[in-house]
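First up is the structure itself, then whatever we jot down about it.
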Amino acid sequence: MKIFYDLSELESWDKPIVTLGTFDGVHLGHQAIIRELYKEKKEKKRDSLLVTYEPHPQMVVSPENSPLLLSTLEEKLKLLQNIPEGKELSGVLVMKFDKKLSQLTAGEFLEEIVVKKVKAGELITGENHAFGKERSGGVDLLKKVSKASGFDLKVVRSIFEGDARISSSRIRKEMLTGDFDKSCRMLGHSYLISGKSVKGKGIGTEIGYPTINIEVPEKKLLPKKGVYGAEVEMANKKYYGMMYIGRRLTLNENKLSLEINLFDYHEDKVPDKLMVYLHKWIRGEMKFESLKGLQSQLNEDEKKIRQLLIK
């Protein structure tokens, strides 16, 4: 899977099979499209290309209404690599989404980007995909333009959870206020949080649970507060642990904190960046009368997480 950042890098490509979208969260609906892309690539023996945007279009079109992100660009690329069919993509084009691009009508976007620059031989899209200025373009326009411009079109049906369509916005809402397990079911994977390692105060070390503090981008969506069973991959090794997202209430600190304790990790040095997969929500925020009370609860949390995650 090659990563491209400029349309000029695709000049030598010949009629690739293409899909376009924000792909925030790389959820089950997105994965259905990616599987179709892989299938067509194999059958037609042509390159496959996934086009995504950076930053999220809403950050340019309406910054005050832009959503928190289920996946940063780095996380999105990692999640694509984690999917067998995603790993088989010929390429991912990360298009800079700016004011100029946001002003293209749906028709202009198809003509200037999809037809002339990407030179798509086939376009695969979800049935609810919207594009162009004010999101005015959809499947009906795609059908007209594909016939006129000579590229094939395949529309992939939506994926449902219960009686509602899976979408990034639905998962965001569920992740913030609802059922974490349900959110992950709709994603089709554990929730990925990446960030910079930052030095903490060493309180965890004092009570036998040293933690790595993590700093994440401002627009990254953090799930509901509490302790999570988690997993980190470092130097080709997997480490399980417990991640805390919340306030340090026992220390009377109201600032939001992200910190992870890794089980069976005994190295002094930690990477500058971490990618943490949250597997299971364990409990909410709690305030203890003393650090000893906190230590006792962490011991119970560890036992529970080990039983759940380590076979």
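This table checks each residue for (1) free of Cβ contacts under 8 Å to residues at least 12 places away in the same chain; (2) assigned by TED's automatic domain parsing to the domain that holds ASN82; (3) surrounded by 13 or more Cβ atoms within 10 Å (Cβ to Cβ); (4) not small (Gly, Ala, Ser).
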| site | (1), (2), (3), (4) |
| --- | --- |
| LYS143 | yes, yes, no, yes |
| VAL156 | no, yes, yes, yes |
| LEU176 | no, no, yes, yes |
| ILE212 | no, no, yes, yes |
| LYS219 | no, no, yes, yes |
| LYS225 | no, no, yes, yes |
| VAL232 | no, no, yes, yes |
| GLU253 | yes, no, no, yes |
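For the subset of segment 1-39 comprising residues that are crowded, with 19+ Cβ neighbours inside 10 Å and acidic (Asp, Glu), which member is farthest from GLY91 (Cα to Cα)?
ASP24
Checking LYS224 against (1) under 20 Å from the mean Cα position of the chain (by Cα); (2) farther than 18 Å from ILE305 by Cβ: exactly one of these is not met. Which one?
(2)
For a quick check of your reading of the model, give me the residue pairs whose first member lies in segment 239-250 and is in a helix (DSSP H, G or I), whose second is at pLDDT 95 or above and of a type in the set (Asp, Glu), with beta-carbon atoms closer than 8 Å and at least 6 apart or on different chains.
LEU249/GLU285
May I ask you to list pairs of residues, at least six apart or on different chains, whose Cβ atoms are under 9 Å apart, with the first in segment 95-109 being in contact (Cβ under 8 Å) with a residue 24 or more places away in the chain and within 15 Å of ALA130 (Cβ to Cβ) and the second being basic (Lys, Arg) and loosely packed, with under 15 Cβ neighbours inside 10 Å?
If the second residue must be basic (Lys, Arg) and loosely packed, with under 15 Cβ neighbours inside 10 Å, the pairs left are ALA106/ARG135.
For VAL155, work out the one condition from (1) among the hydrophobic types (A, V, I, L, M, F, W, C); (2) under 30 Å from ASP140 (Cβ atoms); (3) in a helix (DSSP H, G or I) it doesn't fulfil.
(3)
From the list LEU110, LEU68, LEU77, pick out the single residue that is closer than 26 Å to LYS219 by Cα and in contact with a helix residue (DSSP H, G or I) (Cβ under 7 Å, 6 or more places away or on another chain).
None of the other options fit; the residue is LEU68.
Within segment 94-110, is even one residue within 24 Å of HIS189 (Cα to Cα) and in contact with a strand residue (DSSP E or B) (Cβ under 6 Å, 6 or more places away or on another chain)? Reasoning before the result, please.
Here is the first cut: in segment 94-110, the residues within 24 Å of HIS189 (Cα to Cα) are 94.
Adding the requirement that they be in contact with a strand residue (DSSP E or B) (Cβ under 6 Å, 6 or more places away or on another chain) leaves 94.
Within segment 94-110 (the criterion being within 24 Å of HIS189 (Cα to Cα) and in contact with a strand residue (DSSP E or B) (Cβ under 6 Å, 6 or more places away or on another chain)), the answer is yes, since at least one residue qualifies.
Mind checking which residues of segment 1-55 are over 15 Å from GLY86 (Cβ atoms) and in a helix (DSSP H, G or I)?
Within segment 1-55, LEU7, SER8, GLU9, LEU10, GLU43, LYS44 qualify.
Against the definition (modelled with pLDDT of 95 or more, among the small types (Gly, Ala, Ser) and farther than 20 Å from THR177 by Cα), how does GLY229 come out, yes or no?
Criteria not met by GLY229.
LYS201: exposed (fewer than 15 other Cβ atoms within 10 Å of the Cβ) and in the same structural domain as ASN82 (by TED's automatic domain parsing), yes or no?
Criteria not met by LYS201.
Scan segment 283-302 and give yes if some residue there is touching a residue at least 24 places away in the same chain (Cβ under 8 Å), assigned to a strand (DSSP E or B) and closer than 29 Å to MET59 by Cβ, otherwise no.
There is no residue in segment 283-302 that is touching a residue at least 24 places away in the same chain (Cβ under 8 Å), assigned to a strand (DSSP E or B) and closer than 29 Å to MET59 by Cβ.
The values are calculated or read from the model by the stated rules, or taken from the named source; none is laboratory data. These numbers were taken from a predicted model, which means no experiment stands behind them. Methodologically, a virtual Cβ is constructed for each residue, glycine included, from the backbone with ideal geometry; neighbour enumeration extends over all protein chains shown.
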